Amino acid sequence: MSQLLDVRDLQTQFFTRDGVATAVDGVSFTLNRGEILGLVGESGSGKSVTGFSILGLVDPPGRVTGGQILFDGDDLVRGGEPLLRGLRGKRIAMIFQDPMMTLNPVLRIDTQMIETVQAHAPVSRAEARARAEEALVRVGISSPAERLKSYPHQFSGGMRQRVAIAIALLHKPDLIIADEPTTALDVTIQAQILSEVQALCSQSGTALIWITHDLAVVSGLADRLAVMYAGRIIEEGPTAEVIARPRHPYTRGLIDSVPQGKRHGARLAQIPGMTPSLLNLPEGCKFAPRCPRADAACAVEPRLDPSGPGRAVRCHHPHGDSETRVLS
Amino acid sequence: MIVYLVRRVGQSLLAVMAMAVLVFIGVYFIGNPVDVLINPEATQADILATTERLGLDKPLWQQFGIFLGNALQGDLGTSFVYGRPALDIILERLPATMELALVALFLSVAIGIPLGVWAGLRPESIAGRTIMGGSILGFSLPNFWQGMLLILVFAVLLGWLPAGGRGATTEVLGLQVSFLTWDGLSHLILPAVNLALFKMSLIIRLARANTREVCLQDYVKFARAKGLSPRRVVLVHILKNIMIPVVTIIGLELGSMVAFAIVTETVFAWPGMGKLLIDSINLLDRPVIVAYLMLTVLIIVGINLLVDVIYSLLDPRIRLSEMKG
Ligand SMILES: Nc1ncnc2c1ncn2[C@@H]1O[C@H](COP(=O)(O)OP(=O)(O)OP(=O)(O)O)[C@@H](O)[C@H]1O
Ligand SMILES: [Mg+2]
C-alpha cells in the first residue's frame, strides 16, 4: 500500500493572552491509502487541533508553527490556502463531533449538499442534486429526494451525522478525518455508524483518521493506534499490539480504565492526577507527575523511539512484552 | 401559518386598542386646549360655547366613546387649529416622513451590515477597530447635535448641501417624493444621514456581535471543511444566520425611525409628521396629537406583524414550531 499522508514534526500553537499554548508539539505519523488510524487521548491532548492542522482550519489565535504535512507528496503547510482550498471536501473531508451543530440550521439539506458538489465539480444543479441523492442512499437514508428538501432540525442526531458523512463522501475523498463523530450519539446508533463508515471506507479505499477519547470505540475499527498526551504522540503501533501489550504507562492506564465484560464488578483503574495545563507543562516527561514508574531519568523528555516492529513509544521506562497486564 | 397569522393580527388589534386608551387619557391631562385656542378677551360664554362645540364638556369616557366610534369609521377628529380632519393633515405629511425614514433605514442597513460583518470577521484588524470606534460615536452623540454638526460642515462651511426644507418633489403613484430630482435629493441627504447614524451604529454592533458568534459555530468550520469559497461561507452561511436578529431589529427600528424623525425634522425643518406633532403640541391641538399617536401605533404594530412573518420565513425552526402551535 502506498503512503498517503506523512506528518512530520507538526507543531501548532495558540497565542493567547495568558501565553503561548503548544497544543500540538512534534507530532509525526504516516498513513497509507485505505488505512484507518485511531488517534486517542484524553480531553485537551490535542487530537482535534491535529486534525484541524491537517486541513488548515486552525483559527486565530492558533497557527501551525512548524513541521510538514505531506499529502500525496504536497506539503500542505507550505502550500497554504490555495492548495488546501482545492483539497478540502474533495480529497480530504472532515466529520465533526456534534451532528446538531455541523449542519447550518437555516439552510436546507439540498443547499448544503449541492454547494459541496459544485465547489469541486463543474456540474449542473440537477446533476449535483442527483449525486446528493446517491450519497444519501449510500449512508442508508431512504426517500432521499424528499429528505433533501428538509432542514437539519427535522432530522434526529443519528440522521444528521449520516448526512454529514454523506457530505464527506460526496467526492470520494482519499482521506476522512473523523473527530469523535459518534460521541454525541446513542450507543446503538454509534455502533451502526461505526460499521457503516468502516464499510464505506473499505469500499472506496478511503483512509481514515478516527479521533476519539474512547479506546473501546477504535479498538475494533482502527488498523493502527496513536496515543496522544499533552500535544505529543506517546505511543504508536498496530491496534491489537498496543491494546494487548501497551508499552507506555499512560496507554496502560487508559486501557485499564476501559470497562470490560469479564471484569464485571471489579473496580476500574484510574489514572491519578489531571491533564497538565499547556501553559504550565512540567520539565522532562509530561506524564511523569502522574506516572507510577517515574524516576530521576524522567526529568529529561524521552524521545519517541521505535520499540518493536511498527511500534514506537516515548518513555524511559516502558513496559516490556513479557509483563502481562495486571487485570483487576 | 394561517392560524398563526390570525392570532398575530388579533394580538396587534389588542395592542392598538390599549394604546388608544392610553393616548386618549394621556392627552386629556396635557392641558385644556380651550385656554390656548380662545382669544384672551373672550367672555365666559364664549369659552363655554367653544368647549361645547369641541365636545370638551362631556365626561371623559363619553369623549372616548365618540372618538372610538368615529375612529372606526376613519375619522380621528377635526383639528382645533386648522378646522380640517386631523387625519388628512397628518396623511399629507406622512409621505415626507416615510420617505425620510425609509431612506435613512436603507442607508443604515446598506452601510451598517457590511461594516458590521467586516468588523466581526476581523475584530482585531485596524479596520475592525475603527468601525467599532466610529459606531460608539454614532451611538453616544445626541442626535440633534449630530444634525447641527452636519449642517455646520456640509451646509455652512462647505456649502455642498442645503441646510433645511424639502426642495423639489416629483409625483409617483400619487405620492410626492424627493429622491428623483437632484434638488430634492440634495435636501434629503443630510436629514437622512442624520436619522440613519444612530441606527447604523446599532446595526453595526449587532451585525458584528452576531458575526463573531456565528463564526465560532461548527457549521461554519464544516462549511470551510467542505471546500467552499470564503465568499460563499460569508455571504450564505454566515449572513443568513445573522439576518435573523438583524431583521427583527430593522423592523422594530423602522417604527422608532418614524418617532426619531421628530428631532431630525425639527433640526432640518423637514415638513413631515414629526414637525407637525411638535407644532400641534405647542398649540394643544388635541385631535392632531391623538391622530398622530394612533397612526404611529398602527404603523409600528403593522411593521412588527410584517417582521414576524419575514422572521418565520427566514428561520425554518420557527416556522415549524409555530405551525404546530
Ligand atoms: N481557540 C483556542 N484558543 C486557545 N487554546 C486552544 C484553542 N483551541 C484549542 N486550544 C488548546 O489546544 C488544546 C488541545 O485542544 P483539542 O481541541 O485538540 O483537544 P482534544 O484532544 O480534541 O480534546 P477533546 O477530547 O476535548 O476534543 C487544548 O487543551 C487547548 O489548550
Ligand atoms: Mg476534540
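The values are calculated or read from the model by the stated rules, or taken from the named source; none is laboratory data. Everything numeric here is computed off the predicted structure, so don't read it as measured data. Cβ: placed from backbone, ideal geometry, glycine included. Neighbour counts: every protein chain shown. These accessible areas exclude ligands, DNA and RNA; they are computed on the full protein's heavy atoms, side chains included. Shrake-Rupley method; radii C 1.70, N 1.55, O 1.52, S 1.80 Å.
Here are the numbers for this structure:
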| item | result |
| --- | --- |
| Sum of side-chain charges, A:Q97 neighbourhood, beta-carbon under 14 Å (Lys, Arg +1; Asp, Glu -1) | -2 |
| Spherically averaged projected area of segment B:2-72 from its Cα convex hull (nm²) | 5.7 |
| Buried on assembly, segment A:107-124 (at least 40 Å² less accessible surface than by itself, 1.4 Å probe) | A:L107, A:E115 |
| Length-normalised contact order of chain B in % [C-alpha pairs under 8 Å, at least 6 apart] | 28 |
| Longest exposed-site-free window of chain B, the sites being GluC sites (Glu not before Pro) in a DSSP loop that have at most 15 other C-beta atoms within 10 Å | B:125-325 |
| Sum of -39500 (n - 2.57) over DSSP H runs of 4+, divided by residues of chain A (222 nm, nearest 500) | -9500 deg cm²/dmol |
| For segment B:167-325: relative contact order, % (alpha-carbon pairs under 8 angstrom, 6 or more apart) | 18 |
| Three-way shape label, chain B, alpha-carbon gyration tensor, a/c 1.5 | oblate |
| Choice from A:A93, A:A207, A:A21 showing the highest fluctuation, given a GNM over chain A with Cα pairs closer than 10 Å | A:A21 |
| Heavy atoms of B:K58: accessible area, 1.4 Å probe, square angstrom to 10 | 80 |
| Accessible-area composition of segment B:23-159, carbon plus sulfur, in percent [1.4 Å probe] | 67 |
| Two-site FRET efficiency, B:L306 against A:V137, from Cβ-Cβ distance with R₀ of 51 Å, rounded to 0.05 | 0.75 |
| Spin-label pair A:T275/B:L60, simplified geometry with 7 Å Cα→Cβ offset, distance in nm | 6.7 |
| Area of A:S277 that stays accessible when all protein chains are in place (1.4 Å probe, Å², to 10) | 60 |
| For A:51-63, mean number of other protein chain Cβ atoms within 10 Å | 2 |
| Carbon plus sulfur fraction of accessible area for chain A, probe 1.4 Å, in percent | 52 |
| FRET efficiency, B:Q73 to B:A259 (Cβ-Cβ, R0 35 Å, nearest 0.05) | 0.85 |
| For segment A:96-202, accessible area per residue (1.4 Å probe, heavy atoms of protein chains only), Å² | 38 |
| Chain B: most fluctuating residue of B:A196, B:A259, B:A18 per GNM, C-alpha cutoff 10 Å | B:A18 |
| Solvent-accessible area buried by pairing B with A, both sides, nearest 100 square angstrom, 1.4 angstrom probe | 2400 |
| Charge-dipole axis of chain B as Lys and Arg at +1 and Asp and Glu at -1 on Cβ define it, positive-most pick from B:H187, B:I244, B:P85 | B:I244 |
| Protein-only accessible surface order, largest first, of B:L54, A:L279, B:L188 at 1.4 Å | A:L279, B:L54, B:L188 |
| Inter-chain shielding of A:93-99 (mean C-beta neighbours from other protein chains, 10 Å cut-off) | 3 |
| Separation in nanometres of the label points that stand 7 Å from Cα toward Cβ, at B:L137 and B:A269 | 2.8 |
| Violating pairs (Cα-Cα greater than 30 angstrom) within the set B:K199/B:K226; A:K90/B:K240; A:K149/B:K199; A:K90/A:K286; A:K47/A:K149 | B:K199/B:K226; A:K149/B:K199; A:K90/A:K286; A:K47/A:K149 |
| Overall Cα dimensions of chain A - principal axes, largest extent first, Å | 67, 48, 41 |
| Probe 1.4 Å - accessible area at A:H153, Å² to nearest ten | 50 |
| DSSP H segments from chain A that extend 24 Å or more along their own axis, Cα-based, with Kyte-Doolittle mean of -0.5 or above | A:187-204 |
| Inter-label distance, nm, simple model (7 Å from Cα along the C-beta direction), B:L102/B:L149 | 3.0 |
| Local net charge near A:P238, Cβ-Cβ under 12 Å (Lys/Arg +1, Asp/Glu -1) | -2 |
| Exercise: per-residue mean of other protein chain Cβ atoms within 10 Å, B:212-220 | 4 |
